[in-house]
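Working notes for the structure below.
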Amino acid sequence: MNGTYLGPTIRARRGERVEFVVRNGLDQDTSLHWHGMRLPAVMDGGPHQVVPAGGGPGGRGG
């Protein structure tokens, strides 16, 4: 999101429903990880969940 800096702090209360749309504007694949959130592994992000170059989860432009 911002080079070598941590992304912005996002605050939510327990039980609050939140939704994020992640888009990768880079010309290379990348990934992200939701630090501090208690999520199932399939939703937690990391190198096993690539955000493709020029797109979002699920494919180009997604």
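The values are calculated or read from the model by the stated rules, or taken from the named source; none is laboratory data. All values derive from a computational prediction rather than experimental measurement. Note: ideal-geometry Cβ built from the backbone for every residue, glycine included; neighbour counts use all protein chains shown. Ligands, DNA and RNA are stripped out before the accessible areas are found, and what is left, the full protein with its side chains, is counted by its heavy atoms. Shrake-Rupley method; radii C 1.70, N 1.55, O 1.52, S 1.80 Å.
Some values worked out for this structure:
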{"item": "Selection count, segment 19-54, where residues are aliphatic (A, V, I, L, M), open to solvent by less than 100 Å² (accessible area, probe 1.4 Å) and not in a helix (DSSP H, G or I)", "result": "8"}
{"item": "Every pair of residues 6+ apart whose Cβ atoms lie under 7 Å, when the first sits in segment 20-40 and is of a type in the set (Val, Ile, Thr) while the second is open to solvent by 70 Å² or more (accessible area, probe 1.4 Å)", "result": "22/57"}
{"item": "Odd one out for residue 60 among (1) open to solvent by 80 Å² or more (accessible area, probe 1.4 Å); (2) at pLDDT 80 or above", "result": "(2)"}
